[in-house]
Amino acid sequence: MKKVKFLALSALLLSTFTFQSCKDDDDNNNVAPEITSEKKVFILNEGSWQGNNSTMDLYYPNGENTYQSNVYASVNGEGIGDTGQDIIYYENRIYLSVWGSNYIAKLDDSGKVLEKHTFTAEEGQPRYLAAKDGFVYVSTYGDKIVKFDTTSIAASKGFVEVGYCPEDIAIKDNYLIVCNSVKDYTIPDNRISVVDLSTFTLKKHIESEYNNFLTVAVAGNNVYVTHYTPEYLIETLSVDIEAGTVKTATAASKLATYDDKLFCINTVADYSTNPYTYVTNYFKFGTTDSFLDLTETPELATANVYMFDINPYTGDFYIGTSDSKTNGTVYRFDKSGKFVTKFETSGINPNHAVFTR
């Protein structure tokens, strides 16, 4: 969730994950992490800004005990805190960024906290996460990308300055693609930053006629970003990193990738009704056909979609809906788009899901 600048939008329109080959993570005591054969899906519920009500749930897609609500609090004896922003699964560990409470945490695959890092004023408040080659990268509202070694996140390994209040980040080859947003809630940034991970330096800014970028997805050799239009709608752009060009791609507010293909969801508020309603479409990029069969879930055609993730191991679709007031609902569809199940989350605004295997 954005801070003040987009709080009103959270009721209106409100990734990709990088999976690498595993290496031993010693957690400071040279003990390799346990690898479980159990399939798990961790779901982060963002909560409300300054509500101190973020939660995390655990879903077992193939187990008898199918759902465990508020697993973070159950395992750790305390809540996540304020505004759980992002979550990734990397090297058999979960990494969680909590914007309002200003920390990132490393968790095992039961949800137990192994280590935390509280951000300094110089580093800025944490937003989104990406990982590669034993390092975790965090965008912050200090206009930076902060780097951590996965063996210990107690202290950072430095930072690179990018654009204004960077949001989502993703890795393509050896580059980190950074979505910059808005300075002081009033000055939109028209630059997408590219960080060279081999040197951890800023390679370049890609400037365009567009600004206020939000999310990024990498599908094969293609890079896509979303941005807010002047009317506070969200649309998707195509980015050529080498050429340094940006162009309109499609009307879509949520992106997810699977098998090098881009899947899109577009949610638009219809103000012709009172109260206003939503019109939501689901399509694979380059087509107009829905990738979901909504026969059993017609409500998704008018839902405010807050979360969209695809299980990289199975191709299952996970759709989270929210009214920003009551607990969210997560829908699971299989790879063919057939409805499987739905469940209520333990908090409002389910925003990300990660998959252990």
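Could you list, in sequence order, the residues of region 72-118 that are surrounded by fewer than 22 Cβ atoms within 10 Å (Cβ to Cβ), acidic (Asp, Glu) and outside any loop (DSSP other than H, G, I, E, B)?
Glu115
Would you check which residues across region 119-136 are over 14 Å from Gln85 (Cα atoms) and surrounded by 24 or more Cβ atoms within 10 Å (Cβ to Cβ) and list them?
Correct list: Val136 only.
Picking from Glu207, Glu167, which residue would you name as being closer than 19 Å to Ala252 by Cα and either surrounded by fewer than 20 Cβ atoms within 10 Å (Cβ to Cβ) or in contact with a Lys or Arg (Cβ under 7 Å, 6 or more places away or on another chain) (or both)?
Glu167
Scan region 240-252 and tell me whether some residue there is under 18 Å from the mean Cα position of the chain (by Cα) and among the β-branched types (Val, Ile, Thr).
No: zero hits.
When residues of region 262-301 are filtered for being in contact with an Asp or Glu (Cβ under 7 Å, 6 or more places away or on another chain) and within 18 Å of Leu237 (Cβ to Cβ), how many remain?
Going through region 262-301 one residue at a time, the tally reaches 1.
Spot the failing condition for Asn62; the list is (1) more than 21 Å from Ser156 (Cβ to Cβ); (2) at pLDDT 95 or above, and only one is missed.
Failed condition: (2).
Out of contact with any Phe, Trp or Tyr (no Cβ under 6 Å at 6 or more places or on another chain), modelled with pLDDT of 95 or more, of a type in the set (Ser, Thr, Tyr) and assigned to a loop (DSSP other than H, G, I, E, B): which single residue out of Tyr185, Tyr164 fits that description?
Exactly one of Tyr185, Tyr164 is out of contact with any Phe, Trp or Tyr (no Cβ under 6 Å at 6 or more places or on another chain), modelled with pLDDT of 95 or more, of a type in the set (Ser, Thr, Tyr) and assigned to a loop (DSSP other than H, G, I, E, B), namely Tyr164.
Quick one: how many residues across region 279-296 are of a type in the set (Ser, Thr, Tyr) and crowded, with 18+ Cβ neighbours inside 10 Å?
2
Exactly one of these conditions fails for Leu262: (1) within 21 Å of Gly328 (Cβ to Cβ); (2) aliphatic (A, V, I, L, M); (3) surrounded by 17 or more Cβ atoms within 10 Å (Cβ to Cβ). Give me its number.
It is condition (1) that Leu262 fails.
Which of the following residues is touching a strand residue (DSSP E or B) at 6+ places or on another chain (Cβ under 7 Å), under 13 Å from Thr245 (Cα atoms) and of a type outside the set (Ser, Thr, Tyr): His205, His227?
His205
Could you count how many residues in region 192-232 are assigned to a strand (DSSP E or B) and either within 20 Å of the chain's Cα centre (by Cα) or among the small types (Gly, Ala, Ser) (or both)?
Adding up the residues that qualify gives 18.
Any residue that is loosely packed, with under 13 Cβ neighbours inside 10 Å and at pLDDT below 95 - is there at least one of those in region 297-310?
no
For Tyr141, state whether it is surrounded by 17 or more Cβ atoms within 10 Å (Cβ to Cβ), touching a Cys at 6+ places or on another chain (Cβ under 7 Å) and among the aromatic types (Phe, Trp, Tyr).
yes
I'm trying to understand the selection: among the residues of region 317-357, which are farther than 18 Å from Leu292 by Cβ, hydrophobic (A, V, I, L, M, F, W, C) and touching a Ser or Thr at 6+ places or on another chain (Cβ under 9 Å)?
Passing the criteria: Ile348, Phe355.
May I ask you to list the residues in region 334-345 that are part of a loop (DSSP other than H, G, I, E, B) and surrounded by fewer than 24 Cβ atoms within 10 Å (Cβ to Cβ)?
If the condition is that a residue be part of a loop (DSSP other than H, G, I, E, B) and surrounded by fewer than 24 Cβ atoms within 10 Å (Cβ to Cβ), then Asp334, Lys335, Ser336, Gly337, Lys338 are the ones that fit.
Which ones in region 318-333 are surrounded by fewer than 16 Cβ atoms within 10 Å (Cβ to Cβ) and either among the charged types (D, E, K, R) or not in a loop (DSSP other than H, G, I, E, B) (or both)?
Once the filter is applied, which keeps residues that are surrounded by fewer than 16 Cβ atoms within 10 Å (Cβ to Cβ) and either among the charged types (D, E, K, R) or not in a loop (DSSP other than H, G, I, E, B) (or both), region 318-333 yields Asp323, Lys325.
The values are calculated or read from the model by the stated rules, or taken from the named source; none is laboratory data. Keep in mind that what you see is a predicted model, and the values were worked out from it rather than measured. With ideal geometry, Cβ positions are generated from the backbone for all residues, glycine too; neighbour counts draw on all protein chains shown.
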